[in-house]
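See below for the structure under consideration.
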Amino acid sequence: MLAAVEQVIARPESSAFTQRNAKLRVPFRVPSVVELKDTAYRASALRGRALLLGTRDSLPHNVGNSLRCASCHLDGGLRRGAMPWVGSFARFPQYRARSGKVDLIEDRINDCFRRSMNGTALAPADRDMRDIVTYFAFLSSGIPVGAETEGQGLVPLQPLKGDPARGAGVFAATCARCHGASGQGTALATPLWGPRSYNVGAGMARISTAASFVYALMPIDRAQRLTAQQAFDVATYVNTRPRPDFPGKVHDWPRGQKPADADYHVLPPTKPQEK
């Protein structure tokens, strides 16, 4: 049965195969857990799902704030257009400009632990990481390697100049009832700034990402009520509040291409070494 787990999460080595499927776009499909037939694979995948849904309680030594993986990946990572995990396994390995290298899915997961959850990385070969990866592999069942999935990520907005003063008003009127008047979180929603929130190196710390998230998905009970300008205003306000630092941020985008809304200093780009 362990061999079945190895077979499911094995990664094809052929870059040609990945390239052939790079432009392929497949329908969004959430597989049912009844499809988990193999006992060992089922146990691993379901444990991985539990870790993702209860991250800060299940992995307290790796989470340094009040967030969990499902704080940003709504409906347990199963909602299209809300940064779903569906299909994510099939898109790795992939080159990522922020790291300047080809990342495995384990690298991407640990990025979230270090940045979004302001914590520490999981050991790549340990059971916790293996179970999370197994669940991601299950959510990519039937999706060709390198293919894009309909509804993946967030729908990006045309960049707008946000005004933090206007954003403060939007926050008070729309967001504070769940996130608290001072953004420190409540029983209903996570902190948006302060020591228990994501750090400056997190993807959500980029104003464009936060604005797209807010515009499409917030408020959680009556989404898509804000204009794109209001989304950029409140994202600018939130992401200019104090939050934890991420010391490793200076090494981001080592080959250049740093986005304008990644508002921190990085080291000058280095040229890739010639072989």
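Quick note: the coordinates plus some simple rules give every number you see, no bench work behind them. All figures in this text were calculated on a predicted structure; none of them were measured in a lab. Note: ideal-geometry Cβ built from the backbone for every residue, glycine included; neighbour counts use all protein chains shown.
Of note:
- Computed from the C-beta positions of residue 188 and residue 125, the FRET efficiency with R₀ = 41 Å rounds to 0.65.
- Of the residues 263, 245, 126, the one that moves most in a GNM of the chain with alpha-carbon contacts below 10 Å is 126.
- Inverse mean reciprocal Cα-Cα distance (Kirkwood Rh) of the stretch 196-253, Å: 12.1 Å
- Translational diffusion coefficient of the stretch 24-128 (Stokes-Einstein, Kirkwood radius from Cα pairs, 37 °C, 0.692 mPa s): 220 µm²/s.
- For the chain, the alpha-carbon coordinates run over 56, 48, 36 Å along the three principal axes, in decreasing order.
- Full extension of the chain between residue 50 and residue 267 gives 74.3 nm of extra length, using 0.36 nm per residue less the Cα-Cα distance.
- Lysine pair number, Cα distance threshold 30 Å (strictly under), the chain, separation 8 or more or different chains: 15
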